[in-house]
1. Tell me the relative contact order for the range C:50-208 as a rounded percent, counting alpha carbon contacts under 8 Å between residues six or more apart.
2. Along Cα→Cβ, 7 Å out, is where each label goes; now give me the distance between the ones at A:GLU81 and B:ILE160 in nm to one decimal.
3. Short version: what are the Cα gyration tensor semi-axes of the range C:66-186, square root of 5 times each eigenvalue, largest first, in whole Å?
4. Nearest 0.05, what FRET efficiency do A:HIS12 and B:LEU143 give at R0 = 56 Å with Cβ-Cβ as r?
5. Please tell me which of these pairs span more than 21 angstrom C-alpha to C-alpha: A:LYS139/B:LYS246; A:LYS122/A:LYS170; A:LYS122/B:LYS261; A:LYS86/A:LYS130?
6. Run through the DSSP bridge list for the protein assembly as shown and note the antiparallel percent, rounded to the nearest 5.
7. If a/c stays under 1.5 just call it rounded; otherwise compare a/b with b/c (prolate if a/b is bigger, oblate if not). Do that for the range C:151-247, with a ≥ b ≥ c from the square roots of the Cα gyration tensor eigenvalues.
8. In bins 10 Å wide, starting from 0, what share of all Cα pairs of chain B does each bin hold, as a percent?
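Here, each number is a calculation from the coordinates, and none is a lab measurement. This is a predicted model, so every value here is computed, not measured. Please note: Cβ atoms are built from the backbone with ideal geometry, for glycine as well, and neighbour counts cover all protein chains shown.
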Amino acid sequence: MDNFEYILETEHVSKNFGSLSVLKDINLKVKKGEVICIIGPSGAGKSTYLRSLNQLEKISSGKIFIKGDLFLHREKDHTVERIDKKTQQKLLLEMGMCFQRFNLFPHKTVLENICLAPIEVKHEDKETVKKEAMELLKKVGLAEKANEFPNRLSGGQQQRVAIARALAMKPEIMLFDEPTSALDPELVGDVLQVMKDLANDGMTMLVVTHEMGFAKEVADRVLFMADGIIAEEGTPDHIFNHPENPRTQSFLRSILNV
Amino acid sequence: MKSFLKGLINVKNWKKKTKVTWIIVLVVIAVCIVLSALKPSEADMKAMASEEMQAMIKADEGSSRKRVTVTYNSLIIVNYCSFSTSGAKEVTEKYVGFVGHAFQADEGFGKFAGQMVNYTYRMLGCGENLLHGAKLTLLLTTLSTAIGVVLGTLLALGKISKNKVLSKVCGGYIFFFRGTPLLIQLFVIYYSVPAIFGFAWRDLFAVGDTQAVYKGAFIAALIAYGLNSGAYCAEIVRAAIQSIEKGQHEAAKALGLSYSKTMRLIIIPQSVRRMVPPLCNEFIMMIKDASMVFAISLMDITTISKNIMTSEISYIVFLPALIIYLIITAFFTWIFNAIEKKFSLYE
Amino acid sequence: MKKMTKIVALIGAAVMCASVIAGCGNKTEAPAAQEPQENQTAENGETTEASKYDLSGIKLISDGVLSVGEEVGYPPFEDFAEDGVTPIGYDVDIITEVAKRLGLEVNIVNTAWDGIFAGIDNNYDVVCSACTITEERKESMLFSEPYIANYQAVILKAGNDKKIESFNDLDGMTVAVQKETTSDELISDYKSTGTIDVEIVANEKILSCFTQLDNGEVDAVVVDSTVADGYLAKNPDAYVYAYKDDSEAEYFGIAIGKENTALKAVIDEVLADMEADGFIADTYSYWFGVTEE
């Protein structure tokens, strides 16, 4: 079944906003089950990179492969390789995403939020979806909130619902875009716990984060991004204890000494 | 929609104030029913005519030129009956009926009360078909606003769509209808369009239908008002849609929802609440704009009140007009508030 | 089940509210005066008279019915009776009698003055609404022979002794007219040619002109003498009849579609008969309180 070497692969991914180049030739290969944390100063292009992976940002050039299949290909001269829409949609659904601001649908209850996409996009049976959604809610510890509207929940609870919503589509890769940055400090723990559980279950995860503790504990690999490039990458031990790149060193010093 | 109606109707959810309001309304209705049962009958009222008047009415029966107009207006708890001859030497007799008695209403408070009943009755368009007075105003405004909302939503989606041609066409439509006066649009639809295409609006209805002209004019008015309202609603809908934060689009896209499903399931439902207050304004404007139908022979509240002013040289005619407008506006403001509340449940 | 009851109860309440808002109890029967208005076909066995006229070749929108466009709201020519639905007035009497003698039913269509002539042949067969016969109008429609003569008159507020012997005497005054009427054209002409310096207030409704006169906002009203007769008959103490321009009569006719020559011919015949048997004179004195000159 798994006839691919890397579950996610990007080749020469670049992105420009006008003359400003935000991503410069990023190459990354991710194995199934790997947890990758992306750290770096703000403006480094971490979020942009993550969002380019599922087309929320349009890349200027480069190739993206999902499970060995070409998902996106754009050349510098703006030529785009046409990829079958169905394949593309299928590959897109292999990725689930959690946002910094959760982006739950405020007019739907928690349960409806989770069930919406499986029913509307995958056309799955409503009752089955509901049952699975309740399972997911139990998993994130919010089963009793199923019929609440999102705005009645705390930020941490909302983010857990958002994770459940993404998981309901049964993705193979989860993308987290600073999932705890908008949370009050005391609410961060629950969300991180859910993410840890997910990592332990063998989910492939790309996490843009400022939670160095989480990165140290959970990540298989840490990428340090600065100025649109991956400045340094390695195991958590390497990055946090023996960083080689002076930029990594100064970044870590600045955040750890605060 | 079904659950929305249920929510509106579910008495348990009502606040105490709402309950009190309803009790008052029901009591008022009950009192009205009792009083309306007590008021004199039509026959009693008509029997009030003086002997001379009776003689004139009798004389009319034999003649092919009727000179006496007998008016009988029944308005909930009171009724009004008048006998009037026309011509340079007018003779009139007026009576107001209330709780079992008929009072002479030729001067003083009786006259005032009689005029109020008569004017209100006429402005409401009682005893006539739907194309008169308040009934016309309500029918025209609700239908054309309904058309406007549907059309406006489509136009707004067209205008914000990535298809440049569609966007330009919708933008042009909105610009045109917002940039030209409604009265002129009404004239164009009613006069120019049939002239160009060689038909008459009355042709839409059966030959021999004495109301065909009015019905045709109503259809023309409905089209003009609907098209016009569409342009204004489009801007309201567009502003509401664009006020929904980008994150909602992104979340939907990340979940694989198509553009149309994102709009239909995520964006538009959320924008409804933001549309309601400006749509309410638009609707109330429409109620006032409805008076322009006088230009194509229809009689709405304003036109009828002007007509009464001309023929009776009476200035208190505007009092019932104002009250009727206020009641209509209050009623619809209440409905719009209920809709807004319903859609803001989650906030 | 409970919910159903509530829904039903609420709908009931809503209907009641609606009926309160709609205001009316039962739909009352059409007032007595209205019926004969509509059924005034040869009900008095005057079919013999109808046969006097040759109706072949006339075109009507619906067979057996003469549809008449009128701007109802110009007393005493056409106005609604107090019941708000029955058109009454001089024109109404005239055209009803014309239709009756032709053996036709009459259907009066209330329409706005603007565009009234555009509706001929579309919305109604003829217009009988105090229309002055003018050369300009004759180019686009037919007119019957006149059924009433009309002059331009100047009305002042009671107590104003100013002598008006011609329109030139309006110099320096503020004058109210009804918009787009002959009076309006006449005074505007006097002004634009520089004959007199006059401030013109053009109103939508003739009533507004008289109100402005009452309130002292204008000094004089220029109006059709017939309308003036009607107002003065009802308010003899409020106004004075200052001047009537006998030199230039204008005539009101029934406007008929350009192609409908057969209809014009029979209407002219009927009007001549009505003039001969005194019907028109009777009607005139009934509505204007004075005898036609």
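1. Relative contact order comes out at 20 percent.
2. The answer from the label model is 3.5 nm.
3. So the equivalent ellipsoid measures 31, 18, 13 Å along its semi-axes.
4. Calculated transfer efficiency: 0.40.
5. A:LYS139/B:LYS246; A:LYS86/A:LYS130
6. So the antiparallel bridges in the protein assembly as shown amount to around 65 percent.
7. Numbers: a/c = 1.42, a/b = 1.32, b/c = 1.07.
Rounded shape, in that the Cα axes give a/c under 1.5.
8. 5, 18, 24, 23, 17, 9, 4, 1, 0
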